[in-house]
1. Counting only protein heavy atoms and using a 1.4 Å probe, what share of the accessible area of the chain belongs to carbon plus sulfur, as a whole percent?
2. Quick one: work out the % antiparallel among DSSP beta bridges in the chain, nearest 5.
3. Of E275, E368, which has the most accessible area with a 1.4 Å probe, and how do the rest follow in descending order?
4. Please work out how much accessible surface R401 shows to a 1.4 Å probe, ignoring ligands, DNA and RNA, in Å² rounded to 10.
5. Pairs to check: K73/K209; K331/K367; K340/K374; K73/K184; K73/K118. Give those whose C-alpha atoms are more than 29 Å from each other in this structure.
6. Among A77, V162, G241, which residue has its Cα positioned farthest towards the positive end of the charge dipole of the chain, with +1 placed on the Cβ of Lys and Arg, -1 on the Cβ of Asp and Glu, and the dipole taken about the Cα centre?
7. Please get the size of the charge dipole for the chain, origin at its Cα centre, with Cβ charges of +1 on Lys and Arg and -1 on Asp and Glu, quoted in debye to the nearest 20.
8. Using Stokes-Einstein with the Kirkwood hydrodynamic radius over Cα pairs, what translational diffusion coefficient do you get for the range 63-131 at 37 °C and a viscosity of 0.692 mPa s, in µm²/s rounded to a whole number?
Amino acid sequence: MPAPMNRRRFLAASTAALTAPMFVRARNSADKLNLAVIGVADRGGANLAGVAHENIAVLCDVDDARLGSAKAKLRDAQGFTDYRKLFDKAANTFDAVVISTPDHSHCLPATIAMSLGKHVYCEKPLASSVNEARLMRKLTIERKLVTQMGTQIHAGDNYRRVVEAVQGGSLGPISRVHVWLGSKPPAGKRAGSKPSAKFDVDLWMGPVKTDFFEAVHPNTPFKGKPWPHFHWRYWWEFGGGQLADFGCHFMDLPFWALGLTAPTTITAKGQTTYEGDNTVPDLLQVDYQFPAVKDRPAVHLTWYHGVPGPALDGKTTYPGYGSGVLFVGSKGQLISDYGKHAVMPDEFKKSYTPPAVTIAKSIGHHKEWTEAVKSNGSTTCNFAYSGLLAEAVLLGNVAYRSGQELTWDSSSGKLGGPAEAQQYLGRDYRKGWELPSK
């Protein structure tokens, strides 16, 4: 497959972006942003709706049918099935990019966009590997770009009230946090004789090396859903399972409330209990140790998934919180999910007074980003913040795959532990899909 933006042209464009002004608006009559949207259905459809108040100049989706449906509603938008061609042929027609592709195709379009001075909204978990997340964080800081990771729950009122409660001090110093997700990934098989996808699956695979596709065809539907459009996340080649899917949502709350940055040690244990050839675990526990900072003690945070509460044996539960976050303070505890929270135990609850509201209501997760782009402002889930969150989440999968305790130095990006663990920090890209840093 040809790569329309070859190495020489890409480097020339990147050099020009570094020497030119960081951002020049592609004005239109309504003074709206001109946006490119990569991935236009499912999560991409929700993100497309979230930025519909701006001008959608370019649409891109590997699936012609999905692209056609979006273009039928946005007739003036240009359409592409290959995001490389989008940047090669239409880069001067848009100001910023919304990326809602599968995890394995987050980093490449994002880094191309940022290297060209484009602002970026990208779905969680930001990237499919630790090294990719670090590169995206580095670029947004260096280029002073306005970015936002798609952790939409961050904009909700419930998380704001929890952050105020934790930071208000009523719970006492917090050194222990439990985070759990009750759901399990569905079991399934990838093998078959013919691909069911009615689009170019090789193009969908993007930077992933072709041996995976050549060995088996992703034809088996999972409960009526075609394999490439959702269940890709349950194989390491394309996603990181439940941890990568939900970790950035749930762990966002303790990261925000406690000012967490990077863990120093990570251990993980888990297993695959379902039938099928999924390679990610359906039961997982990851223990992170975060260092003390200023007046906040060291924090031990544990992630669990595949169980209804904070214990891998499934025996510890909290009614009404099949998934949640539990802050354990020296005086009291606070439990939360996406939409509600409560303090406990009962004796502590009797004397507890919620703190004053100090965190303003969000104007909307997507609008935070578009307004910040227009005003050269900031967002709450910019890649400087969310890059560290994604890094920690993805390190949990590195620890699980390595099978041993790891130490981590985020400032240098160096991993301590078995030598074989290093391979899980990044991945090789196939020819024609290399990252611009290479």
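1. 52
2. If we restrict to bridges inside the chain, about 55 percent are antiparallel.
3. My answer, sorted largest first, is E275, E368.
4. Its accessible surface works out to 90 Å², give or take rounding.
5. K73/K209; K331/K367; K340/K374; K73/K184
6. Ranked along the dipole, the leading option is A77.
7. That gives a dipole near 780 debye.
8. Using the Kirkwood radius from Cα pairs, D works out to 254 µm²/s.
The values are calculated or read from the model by the stated rules, or taken from the named source; none is laboratory data. This one's a predicted model, so the numbers in the text were calculated from it and none came from an experiment. Quick reminder, even Gly has a Cβ in these numbers, built from the backbone with ideal geometry, and neighbours come from all protein chains shown. Heads up: the accessible areas ignore ligands, DNA and RNA and are worked out on the full protein's heavy atoms, side chains in. Shrake-Rupley method; radii C 1.70, N 1.55, O 1.52, S 1.80 Å.
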